[in-house]
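Take a look at the structure below.
The values are calculated or read from the model by the stated rules, or taken from the named source; none is laboratory data. The structure displayed is predicted, hence computed values, not measured ones. All Cβ positions, even for glycine, are placed from backbone atoms using ideal geometry, and neighbour counts span all protein chains on display. Ligands, DNA and RNA are stripped out before the accessible areas are found, and what is left, the full protein with its side chains, is counted by its heavy atoms. Shrake-Rupley method; radii C 1.70, N 1.55, O 1.52, S 1.80 Å.
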Amino acid sequence: MKFRSIACVSALVMLCALATAALAAEKGFLWDGTHWKDMSPDLKVAYVKGIGNMADFETAAAGSAPPPCISKGFVDELKTKTIAQVIAEVDKYYKENPGKMDMPVIAVIMQRCTKLCPAPPAGKK
């Protein structure tokens, strides 16, 4: 059953990547608010699951060595939130900050949904 879930998430991530290839080609792989606003709800879920899956993988792959700090922190912090809550926070950020559509989605998640990367003071990027 776990393999089936991983396969579904992987398929969704691949679909997400293929569906937004033109957008990603313009700015590389770092997606921002301009990409986010054009993503369907299913693609937003796939994005959040994809970065969560990568963080889980890096944490598990570390074995007995200390896991990468960002991945471990990301996994630990987001255990208390649902995917819908993470998506709502990202949607809210871009809605409240239309002048910051160039802010990477991952940075918004790290600043709004975790304590790992505190938001910069008001007026700064």
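Among the residues of the range 101-120, is there at least one that is over 19 Å from Lys49 (Cα atoms), surrounded by fewer than 16 Cβ atoms within 10 Å (Cβ to Cβ) and either touching a Ser or Thr at 6+ places or on another chain (Cβ under 9 Å) or modelled with pLDDT of 75 or more (or both)?
yes
Which pairs do you get when a residue that is at pLDDT 85 or above, found in the range 51-76, comes within reach of a residue that is part of a helix (DSSP H, G or I) and surrounded by 13 or more Cβ atoms within 10 Å (Cβ to Cβ), reach meaning Cβ atoms under 6 angstrom, with the pair 6+ apart or on two chains?
Hits for this filter: Asn53/Val9.
Select from the range 79-100 the residues that are farther than 11 Å from Val48 by Cα, open to solvent by 70 Å² or more (accessible area, probe 1.4 Å) and assigned to a loop (DSSP other than H, G, I, E, B) and list them in ascending order.
Of everything in the range 79-100, those that are farther than 11 Å from Val48 by Cα, open to solvent by 70 Å² or more (accessible area, probe 1.4 Å) and assigned to a loop (DSSP other than H, G, I, E, B) turn out to be Lys79, Thr80, Lys81.
Filter the range 16-36 down to residues that are open to solvent by 80 Å² or more (accessible area, probe 1.4 Å) and closer than 22 Å to Leu78 by Cβ and give me whichever is modelled with the highest pLDDT.
Leu30
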